[in-house]
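To start, the structure under review is shown below, and the notes come after it.
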Amino acid sequence: MAKLEIHQFPCLSDNYGVLIHDPDSGATASIDAPEQAPIEAALAETGWQLSHILVTHHHADHTQANLPLKQKYGVTIVGNRADASRIPGIDIEVDDGGTYDFAGHVAQVMDTSGHTVGHITYYFADDGVAFAGDTLFALGCGRVFEGTMAQMWASLAKLKALPAETVVYCGHEYTQANAKFSLTVDPDNAALVARAGEIDALRARGEPTVPTTIGRELETNPFMRPDDPAIRALLGMADASDADVFAEIRRRKDSF
């Protein structure tokens, strides 16, 4: 079976849209539906025909184009059963720990609540790719709006356990701001310092900083590194739990 083809493009002010395409069947899914016009432009650019929308969470900047695209293309909308009442146009309901077969490419469905309750990540193990919505960002994580800090840490811990080479697509271009914050809690991390420079160069050229990989986040993303002795020492939390250290990092980011 051919690997998924993936096309990322900007939407709204700082969102990313992503199309995934199975070249054997021609099936094409939009990961979330932030904005209709850029999605249609991406379809025109690739020559793909939209057949599905895979929803990570209910926020409007991820679902507001669901119904217009469904009306125009007759797409099948997939989302979390636990959040079905808040996902416009949902057709197929999936569950945490279950799977969804997209044209022969099997996604593991992972509940990654915290940013919202009912947020899910689609992990295509055979394709080595995860679509994490607003749970994990490059050098960051989603603000905890609906869930709890403990829920968000449990969700990130699930993503930490994925293979290091897993490519992660996330919902927003927040990396430059995340890097500035990350350096305040992990200033002596040489890999982070180097990455921050790379990010500044990419953004100066107007280029995206995502996707990322699990391995890169494990090296440089403080939200994924609450067990790191240097971060704990800086925070004065040497003996705290990982969950409590994570929560302190997230609180600091909220007011950064």
Discussion item. Take Ser155 and tell me if it is closer than 22 Å to Gln64 by Cβ, small (Gly, Ala, Ser) and in contact with an Asp or Glu (Cβ under 9 Å, 6 or more places away or on another chain).
Written reply: no
Practice prompt. Determine if the range 185-198 includes at least one residue that is in a helix (DSSP H, G or I) and of a type in the set (Asp, Glu).
Written response: yes
Practice prompt. Go through the range 17-37 and give me each residue that's more than 21 Å from Val168 (Cβ to Cβ) and in contact with a Leu (Cβ under 9 Å, 6 or more places away or on another chain).
Written response: Pro23, Glu35, Gln36
Worksheet, complete the sentence: Checked against (1) among the polar types (S, T, N, Q); (2) in contact with a Phe, Trp or Tyr (Cβ under 9 Å, 6 or more places away or on another chain); (3) surrounded by fewer than 21 Cβ atoms within 10 Å (Cβ to Cβ), Thr56 satisfies every condition except (3)
Worksheet item: In the list Phe137, Phe102, which residue meets the criterion of being of a type in the set (Phe, Trp, Tyr), in contact with a His (Cβ under 8 Å, 6 or more places away or on another chain) and more than 26 Å from Ala247 (Cβ to Cβ)?
Response: Phe102
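Residues checked against (1) surrounded by fewer than 20 Cβ atoms within 10 Å (Cβ to Cβ); (2) closer than 25 Å to Gly142 by Cα; (3) not polar (S, T, N, Q):
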residue	(1), (2), (3)
Pro10	yes, yes, yes
His21	no, no, yes
Ser25	yes, no, no
Ala44	yes, no, yes
Gln64	yes, yes, no
Lys72	yes, no, yes
Val78	no, yes, yes
Worksheet item: Hey, does the range 52-62 have a residue that's in a loop (DSSP other than H, G, I, E, B), touching a Leu at 6+ places or on another chain (Cβ under 9 Å) and either at pLDDT 95 or above or under 27 Å from Pro222 (Cβ atoms) (or both)?
Response: no
Fill in: Residues located in the range 170-208, provided they are under 17 Å from Val129 (Cβ atoms) and either surrounded by 21 or more Cβ atoms within 10 Å (Cβ to Cβ) or in contact with a His (Cβ under 7 Å, 6 or more places away or on another chain) (or both)
Cys170, Gly171
Discussion item. Kindly evaluate Leu234 against the criterion of being aliphatic (A, V, I, L, M), over 30 Å from Cys11 (Cβ atoms), modelled with pLDDT of 95 or more and surrounded by 15 or more Cβ atoms within 10 Å (Cβ to Cβ).
Written reply: yes
Worksheet, complete the sentence: Output for Cβ contacts, cut-off 6 Å, separation at least six or different chains, first residue outside the structural domain of Ser155 (by TED's automatic domain parsing) in the range 130-141, second not in a loop (DSSP other than H, G, I, E, B), reads none
Worksheet item: Quick check: anything in the range 84-92 in contact with an Asp or Glu (Cβ under 9 Å, 6 or more places away or on another chain) and not in a loop (DSSP other than H, G, I, E, B)?
Response: yes
Discussion item. Residues to consider are Thr166, Thr209; find the one that is touching a strand residue (DSSP E or B) at 6+ places or on another chain (Cβ under 9 Å) and β-branched (Val, Ile, Thr).
Written reply: Thr166
Worksheet item: Hey, any hits in the range 212-227 for a residue that's touching a Gly at 6+ places or on another chain (Cβ under 8 Å) and under 24 Å from Val129 (Cβ atoms)?
Response: yes
Fill in: the range 217-250: number of residues that are closer than 20 Å to Ala177 by Cβ, in contact (Cβ under 8 Å) with a residue 24 or more places away in the chain and among the charged types (D, E, K, R)
4
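The values are calculated or read from the model by the stated rules, or taken from the named source; none is laboratory data. Here the structure is a predicted model, which is why all the values come from computation and not from measurement. Note that each Cβ is placed from the backbone with ideal geometry, even for glycine, and that neighbours are counted across all protein chains shown.
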